[in-house]
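**Student:** Got a structure for you, written out below as structure tokens; questions coming shortly.
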């Protein structure tokens, strides 16, 4: 048998690094075609890699794509960073027809077990497409599991029941009116992969890195960052963001009714120790094994409605989680990934304003959390949450 | 709610000085000409004072070399570093303007993702003229930017913000790494344009880089002392770091804000990592003590001005860091000298500066 040629070895090496190559246009066509064939055989054709080959303008490749019926977006290559056994996706269903939602998320969610919790107040049946490993929990399940409980799981709070019944290490939760979005390079954002990357790389809460997340590719800790702090701590909570319809309170929605979030900020960063933030439940992921006990709906506004701006349960939850993480030496990140949030409800903010009590609530809530000091003997999340609730009363 | 102004950013050409330390030449100003020409420049010439620094035609500037510094400050000149860009803080002291922008002479105009040249100075002015939000983190970053706002859950009582004292810009191309990281990653370039400005939360320290920095001299000027570095000193490349830690502690105490993020400049020159390692060597060990020191500093209620805060800091540096190395006693002394010199050159309105002689013209 002939030993492999130098050219063949080079192409194999290029294949190994295909995800990191930015431009193939300088290669002669026959090599581009050979590389394309190898990429297909190795199962390494992702949306980004496909774009790379199509950008060369090579006619044979364009023809092959058509003949093989390769479509964009396609099911991404299995991300190597997380396994199905680690992740549950929890979706609170506040609208009955989830067909568009699940079809759009199919390439990213289809590998994982999905927990759908139906708003106990919603009468209609859910419409969910097939082909998912999915379990639906309804009002009877909630009552069956918990019986009489002081926790009200109606509306957006129903997702917390999903956190309760999950058995996985990580949970990713997205509102049912959000769809995948494209990043500035035009590739669809894999929300699962980004949240997992955030949770699986350390956070750096003790000192601010001016180049943001130092564990991202192409960046590092800057000059002046103490070396003893460069190991970081485990990240427990990953807070994502939203393009288009941003998560504003109803007053801001009314005054800036035409404003849409169009700025894609390509950064993830750790929220520093001691700094509080408003965690939005619209697009969030966390380490359920460790932080789970802190992820509960503690605050319910009196006239809480079904719109996101009617609630503050996630804000309260986030403040609890942050205090607990700060106390136990864990990290919280914010930034990527983005989702595209529809503005189906945006015009209705004015109706909510009438009964909205949210104006003053945060002015009382925040100082409480900022001054909350948990006992040094509280070394688990469980103890911390109990300690916090003791302070509450 | 944040009401972003759609009005054009004021030039502030009579209220802002650009301070540039240099040892070679100022050819880089040619590229900045469209943006810098309206402004007055203060050039601090480091190194050999007999050398002539060539300034491109058409700029309005004043230039100070070591002889000028010695003449104007007399014995107090000892607080100004020699053979280190830390000498730039002399420029802050002699300026009479409200705002300072400082930039290194190897920093050029960068392009944003659309290919447009970035007017760094304009962005810094925007940052300084809009409030900061240090008491609660806004997840959509700077809420005063056009197109952004405070998110749901942001307390309304905190939406007015506080005055911004410092605007810390970033760098594309050569990132500001320390020597060990430069040695391990000599080819890494910062290519990621992060389209955000954010306030660094109260109580959080950060590594302030002096390459692309603007501040409100009236609000925080006396805290921007860049320390004793360079010739005859056991440490270098920590001048801006030191100023940043002091500044952050004081802004936190006085309820002022520090922003970081946009604008980007293009950093063209990577300094020699082996030379850097020698300069930074002590700093790398000392910063392990310095960070806990700054994180636990508490300033008394009576410290109501920047100068009072700074003198109190100097006292604590002497008391707590003197045992780390004798250098910190010298540094504490210089911090006091700096404030004395600052107050002499910047008396309260109505007073007359008592420095030796008027500043030299070009």
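Bear in mind these aren't lab numbers, they're just calculated from the coordinates by the rules spelled out. Note that this is a predicted model, so its numbers are computed, not measured. For neighbour counting, all protein chains shown are included, and Cβ atoms are generated from backbone atoms with ideal geometry for every residue, glycine included.
**Student:** How would B:312, A:357, A:231 line up from fewest to most surrounding beta-carbon atoms within 10 angstrom? Write down the numbers at each step before the final one.
**Tutor:** Working: B:312 19, A:357 11, A:231 8.
Lowest to highest Cβ neighbour count: A:231, A:357, B:312.
**Student:** By how many nm would the segment from residue A:106 to residue A:379 grow when fully extended, if each residue of separation counts as 0.36 nm and the alpha-carbon distance is taken off?
**Tutor:** Details: separation 273, 0.36 × 273 = 98.28 nm, distance 3.93 nm.
So the extension gain works out to 94.4 nm.
**Student:** Relative contact order, percent, of chain B when contacts are C-alpha pairs under 8 Å separated by at least 6 residues?
**Tutor:** Details: 672 pairs, mean separation 74.6, N = 362.
After rounding, I find 21 percent.
**Student:** Which of B:132, A:150 comes first, and how do the rest follow, when ranked by fewest Cβ neighbours within 10 Å?
**Tutor:** Values: B:132 28, A:150 5.
Ordered by Cβ neighbours within 10 Å, fewest first: A:150, B:132.
**Student:** Per-residue ellipticity at 222 nm for chain A, helices alone: DSSP H runs ≥ 4 residues times -39500 (n - 2.57), over residue total, nearest 500 deg cm²/dmol? All intermediate terms of the calculation are to be shown ahead of the outcome.
**Tutor:** Working: 14 runs with 135 residues, N = 393.
Taking each H run of at least 4 residues, the total per residue is -10000 deg cm²/dmol.
**Student:** Peptides B:304-310, B:316-322, A:235-241: what's the order by average Cβ count within 10 Å, highest mean first?
**Tutor:** Numbers: B:304-310: 19.1, B:316-322: 16.9, A:235-241: 27.4.
Those peptides, ordered most packed to least, come out A:235-241, B:304-310, B:316-322.
**Student:** Over chain A, what is the mean sequence separation of C-alpha contacts under 8 Å (at least six apart), divided by residue count, expressed as relative contact order in percent? Before the final figure, lay out the partial values.
**Tutor:** Values: 637 pairs, mean separation 59.2, N = 393.
Over chain A, the number comes to 15 percent.
**Student:** Largest first, please: the extent of the C-alpha atoms of segment A:172-387 along each principal axis, to the nearest Å.
**Tutor:** For segment A:172-387, the Cα spread along each principal axis is 52, 46, 29 Å.
**Student:** On to the next question. Report the equivalent ellipsoid semi-axes for segment B:56-108 in whole Å, largest first, defined as the square roots of five times the eigenvalues of the gyration tensor built from alpha carbon atoms. Can you show the working numbers first?
**Tutor:** On the way: eigenvalues 84, 37, 30 Å².
Semi-axis lengths for segment B:56-108 are 21, 14, 12 Å.
**Student:** Further question on the same structure: Report P(r) for segment A:253-307: all Cα-Cα distances, bin width 5 Å, range 0 to the bin holding the largest distance, values in whole percent.
**Tutor:** The percentages, shortest bin first, are 4, 9, 13, 24, 19, 17, 12, 3, 0.
**Student:** To continue, here is another question. Counting other C-beta atoms within 10 Å, which of A:70, A:172 has the fewest, and how do the rest follow? Can you show the working numbers first?
**Tutor:** Values: A:70 13, A:172 28.
By the 10 Å Cβ count, ascending, the order reads A:70, A:172.
**Student:** Alpha carbons only, please: Rg and Dmax for segment B:150-212, in angstrom.
**Tutor:** Computed over the Cα atoms of segment B:150-212, radius of gyration and Dmax are 16.1, 48 Å.
**Student:** Another question, then. Rounded to the nearest angstrom and ordered from largest down, what semi-axes does the equivalent ellipsoid of segment A:136-202 get from its C-alpha gyration tensor (root of 5λ)?
**Tutor:** Working: eigenvalues 192, 45, 15 Å².
Ellipsoid semi-axes (Å, largest first): 31, 15, 9.
**Student:** Let me ask something else about it. Which one, A:217, A:118, A:200, has the greatest fluctuation when you compute a Gaussian network model over chain A with C-alpha springs under 10 angstrom?
**Tutor:** A:217
**Student:** Would you list the P(r) distribution for the protein assembly as shown, with all Cα-Cα distances sorted into 20 Å bins from 0 and each bin expressed as a whole %?
**Tutor:** Reading the bins upward from 0: 15, 45, 31, 8, 0.
**Student:** Once Rh for segment B:206-316 is found with the Kirkwood sum over Cα pairs, what is the Stokes-Einstein diffusion coefficient at 25 °C and 0.890 mPa s, in µm²/s?
**Tutor:** Values: Rh = 15.3 Å.
Answer from the Stokes-Einstein relation: 160 µm²/s.
**Student:** Working from the pairwise distances between different alpha carbons, so that the mean of 1/r is found and then inverted, what is chain A's Kirkwood radius in Å? It would help to have the intermediate numbers written out before the result.
**Tutor:** On the way: mean 1/r = 0.0434 Å⁻¹.
By the Kirkwood definition, the hydrodynamic radius is 23.1 Å.
**Student:** Still on this structure, please answer the following. Mind checking the log10 I(q)/I(0) for segment A:217-329 at q = 0.16, 0.21 Å⁻¹? Debye, one equal scatterer per Cα, no solvent, two decimals.
**Tutor:** -0.91, -1.28
**Student:** Using only the alpha carbons of segment A:6-68, what is the convex hull's orientation-averaged projected area in square nanometres? The partial results should precede the final answer.
**Tutor:** Values: hull surface 15.6 nm².
Answer in nm², one decimal: 3.9.
**Student:** Can you tell me which of A:330, A:248, A:160 moves the most in a GNM of chain A? Springs connect C-alpha atoms under 10 Å apart.
**Tutor:** A:248
**Student:** Give me Rg over Rh for segment B:252-334, both radii from the alpha carbons and Rh done the Kirkwood way, two decimal places. Display every interim value, and only then the final one.
**Tutor:** Details: Rg = 16.5 Å, Rh = 15.5 Å.
When Rh is taken as the Kirkwood radius, the ratio is 1.06.
**Student:** Can you tell which of B:125, B:197, B:53 shows the greatest fluctuation in a Gaussian network model of chain B with Cα springs below 10 Å?
**Tutor:** B:53
**Student:** Okay, next question. Computed over the Cα atoms of segment A:1-149, what is the convex hull's projected area averaged over all directions, in nm²? Kindly include the intermediate steps, with their values, before the conclusion.
**Tutor:** Details: hull surface 52.8 nm².
The orientation-averaged projected area of the Cα hull of segment A:1-149 comes to 13.2 nm².
**Student:** What percentage of all Cα-Cα pairs in segment A:194-259 are separated by more than 13 Å? Write out the running numbers ahead of the final one.
**Tutor:** On the way: 1504 of 2145 pairs.
Value for segment A:194-259: 70 percent of Cα pairs lie more than 13 Å apart.
**Student:** Under 8 Å for C-alpha pairs, at least 6 residues apart: give me the relative contact order for segment A:179-280, rounded to a whole percent.
**Tutor:** On the way: 99 pairs, mean separation 32.1, N = 102.
This gives 31 percent for segment A:179-280.
**Student:** Let me ask something else about it. To check my understanding: the extent here is largest minus smallest coordinate of the Cα atoms along each principal axis. What are those three numbers for segment A:87-199, in Å, largest first?
**Tutor:** Ordered largest first, segment A:87-199 gives principal extents of 50, 30, 23 Å.
**Student:** Follow-up. Quick one: pull the percentage of alpha-carbon pairs in chain B with a separation above 40 Å.
**Tutor:** Details: 5905 of 65341 pairs.
The proportion of pairs with Cα distances above 40 Å equals 9 percent.
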